[in-house]
Amino acid sequence: MIDEKKLEERLVALEAAKSWSPRVVSRLETLLRSGADEALYRINPIQFATEKSIAEAEAIDLFLHASVVGLFDMDWMLVCPMCSDVVESFRSLRKLHTHFHCHLCQSDYDAALDDYIAVTFTVSPAVRSIRFHQPEALSAWDFVFHHKLTPGGILPDGVPWSEAAKGLVRVLTRIEPGCVANLEIDATEGALLGQDFESDAQFFFPVDKGAGGTPPHIPVTLEAGKCVAGAANIAPGKVVFEVRNAGKLPVVFGILQLPTASFQRPPLRFAPALSGKRLLMTQTFRDFFRSEVISATEGIAVLDVTLVFTDLKGSTALYERIGDLNAYIQVQRHFQHLLDATVRHNGAVTKTIGDAVMAAFLTSADAVRAALEMREAVDELNRDRTQRDFILKIGVHRGASIAVTLNERLDYFGQTVNIAARVQNLADGDEICITEEVYGAPAVAKIVAPYPVQKSEAELKGVSKAMSVYRLARMAS
């Protein structure tokens, strides 16, 4: 059911939020009005961008703005890398934790923002109600194959694991507390796996044509996340499992026919999705979701981030020469130019400190392109001035980091941050210093090829060995 008034009001607000490419909002409106319930549940903005021929960055912005105006709710999901099970999902980053256990694989994982954490969007119940707004009321089939398993996990043959798994299921049902379900299976040679989809409760029986006579009924008891099944040697043919839910909550229980007793699912690759890392490096998220904080005391790992630090050389003299107010206005103009360059190259400004900027990027190539554009943008500021008031120093470094909340703001912490800041201190005016980790990243050498580059070894405080640093001067005029 669609609430037409709320839908119209929120679409108008979304249209006015920024200047969108033609028909972007209308494509989203079509989805909201005519999309199936499945299409409006846990939407992957990257997939939406591909299907609708929209730039990925604009699609991400679209769903973030749509969440701000109340069209969608955002979900942070912990996804099992082995079976694509959505182990847990959270409406807020502050509730996200990084240590998780997959009941289906019975394995433990530590998530990083780069992987295992995906961000999706579900239509708000205030705008349009869909059956997935109440997972506890879903059919057992919908619960497992639309709520528990994400279609993003792909087998080597290109088939989503969630689709392939459907062919293994012989029975899938919801069993209420205190009830018994008689589940009849026509077993074939291989194995039978019984699974409570929300706990570690499992049974496993090989099916062997050489086994003795199969008992007519095999008792199974589910309670407190455990499964106790009667002993049995199962041969191919009909077998009935008497499954009793002795717990206090409903159980979604299924039995899968595996082709062999030693069946191993092939490794999965995952379709492109909006990772937690990319979302934190999206300026729109930082601008409109300032209340989102990381409450995990140890922070959340980021395996690969490129950081850019900038600073203005001689800004103190500028304040003395033209006065605090005028200098402040000019410095703010400089900040806006740096922000614009950052956003154009898929990054986000993490913070400003005095006249300095710290920005984070998905790739080193994006970071270097942004740094070069920042230098040109500041040069433009100087062209109509009597003297060069703005002289920019830039440092770029790549590595692992920890995403944390400091002073009620999402930030990065660790040695990568320290090195990036110290590399910026090495730069002279109008110079960009990049480390070996950045220079050796994909596409970077080609980007910097037109510029005079000088390599040197630098001793940095807190770093045990000298680091190779590449200094990028301006191109000769």
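Do we find that Pro442 is loosely packed, with under 14 Cβ neighbours inside 10 Å, out of contact with any Lys or Arg (no Cβ under 9 Å at 6 or more places or on another chain) and under 18 Å from Asp304 (Cβ atoms) in this structure?
Numbers: loosely packed, with under 14 Cβ neighbours inside 10 Å: yes; out of contact with any Lys or Arg (no Cβ under 9 Å at 6 or more places or on another chain): yes; under 18 Å from Asp304 (Cβ atoms): yes.
For Pro442, the condition - loosely packed, with under 14 Cβ neighbours inside 10 Å, out of contact with any Lys or Arg (no Cβ under 9 Å at 6 or more places or on another chain) and under 18 Å from Asp304 (Cβ atoms) - is met.
Counting only residues that are open to solvent by 30 Å² or more (accessible area, probe 1.4 Å) and modelled with pLDDT of 85 or more, the range 368-385 holds 3 of them.
Of all residues in the range 105-122, those being within 22 Å of Gly254 (Cα to Cα) and open to solvent by less than 40 Å² (accessible area, probe 1.4 Å) number 2.
When you check Leu78 against the structure, is it free of Cβ contacts under 8 Å to residues at least 40 places away in the same chain and either within 17 Å of the chain's Cα centre (by Cα) or open to solvent by 40 Å² or more (accessible area, probe 1.4 Å) (or both), yes or no? Answer is yes for this residue. One residue stands out in the range 269-289 among those that are surrounded by 19 or more Cβ atoms within 10 Å (Cβ to Cβ), part of a loop (DSSP other than H, G, I, E, B) and over 11 Å from the mean Cα position of the chain (by Cα): the one that is modelled with the lowest pLDDT, namely Phe289. Considered as a group, the residues in the range 448-462 that are hydrophobic (A, V, I, L, M, F, W, C) and open to solvent by 30 Å² or more (accessible area, probe 1.4 Å) include one that is nearest to Ala427 (Cα to Cα), and that residue is Val453.
Any residue in the range 232-244 that is in contact with a Pro (Cβ under 6 Å, 6 or more places away or on another chain) and crowded, with 20+ Cβ neighbours inside 10 Å?
Filtering the range 232-244 down to residues in contact with a Pro (Cβ under 6 Å, 6 or more places away or on another chain) leaves 232, 242.
In the following step, the residues that additionally are crowded, with 20+ Cβ neighbours inside 10 Å were identified as none.
No.
Being among the aliphatic types (A, V, I, L, M) and open to solvent by 20 Å² or more (accessible area, probe 1.4 Å) is the filter; apply it to the range 123-153 and report the residue that is nearest to the chain's Cα centre (by Cα). Don't jump to the end; show me each part of the working.
From the range 123-153, those among the aliphatic types (A, V, I, L, M) are 123, 126-127, 130, 137-138, 140, 144, 149; that's our starting set.
Those left that are additionally open to solvent by 20 Å² or more (accessible area, probe 1.4 Å): 126, 137.
Values: Ala126: 25, Ala137: 28 Å.
Step by step, filter the range 123-153, then rank; the result is Ala126.
Restricting Arg27, Arg42, Arg10 to those that are open to solvent by less than 70 Å² (accessible area, probe 1.4 Å), touching a Gly at 6+ places or on another chain (Cβ under 7 Å) and either under 24 Å from Val293 (Cβ atoms) or in contact (Cβ under 8 Å) with a residue 12 or more places away in the chain (or both) reduces the list to Arg10.
Where helices (runs of 4 or more DSSP H) fall wholly inside the range 383-477, the ranges with 2 or more residues that are aliphatic (A, V, I, L, M) are 415-426, 444-448. Would a scan of the range 197-205 turn up a residue that is in contact with a helix residue (DSSP H, G or I) (Cβ under 7 Å, 6 or more places away or on another chain) and closer than 23 Å to Val251 by Cα? Yes, because at least one residue in the range 197-205 is in contact with a helix residue (DSSP H, G or I) (Cβ under 7 Å, 6 or more places away or on another chain) and closer than 23 Å to Val251 by Cα.
Every residue, every condition in (1) closer than 15 Å to Ala360 by Cβ; (2) in contact with a Phe, Trp or Tyr (Cβ under 9 Å, 6 or more places away or on another chain); (3) not hydrophobic (A, V, I, L, M, F, W, C), yes or no:
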{"position": "Arg409", "(1), (2), (3)": "yes, no, yes"}
{"position": "Thr416", "(1), (2), (3)": "yes, no, yes"}
{"position": "Asn425", "(1), (2), (3)": "no, yes, yes"}
{"position": "Asp428", "(1), (2), (3)": "no, no, yes"}
{"position": "Glu436", "(1), (2), (3)": "no, yes, yes"}
{"position": "Ala441", "(1), (2), (3)": "yes, no, no"}
{"position": "Gln454", "(1), (2), (3)": "no, yes, yes"}
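Restricting the range 308-347 to residues that are of a type in the set (D, E, K, R) and modelled with pLDDT of 80 or more, the residue that is farthest from Ala365 (Cα to Cα) is Arg333.
Hey, among the residues in the range 387-413 that are open to solvent by 20 Å² or more (accessible area, probe 1.4 Å) and not hydrophobic (A, V, I, L, M, F, W, C), which one's farthest from His97 (Cα to Cα)? It comes out as Gln387.
If you check Leu64 against the conditions, is it under 16 Å from the mean Cα position of the chain (by Cα) and over 22 Å from Glu163 (Cβ atoms)?
Working: under 16 Å from the mean Cα position of the chain (by Cα): yes; over 22 Å from Glu163 (Cβ atoms): yes.
For Leu64, the condition - under 16 Å from the mean Cα position of the chain (by Cα) and over 22 Å from Glu163 (Cβ atoms) - is met.
The values are calculated or read from the model by the stated rules, or taken from the named source; none is laboratory data. Being a predicted model, the structure only gives us computed values, none of them experimental. Here Cβ is always computed from backbone atoms with ideal geometry, including for glycine, and neighbour counts include all displayed protein chains. Heavy atoms of the whole protein, side chains included, go into the accessibility calculation; ligands, DNA and RNA do not. Shrake-Rupley method; radii C 1.70, N 1.55, O 1.52, S 1.80 Å.
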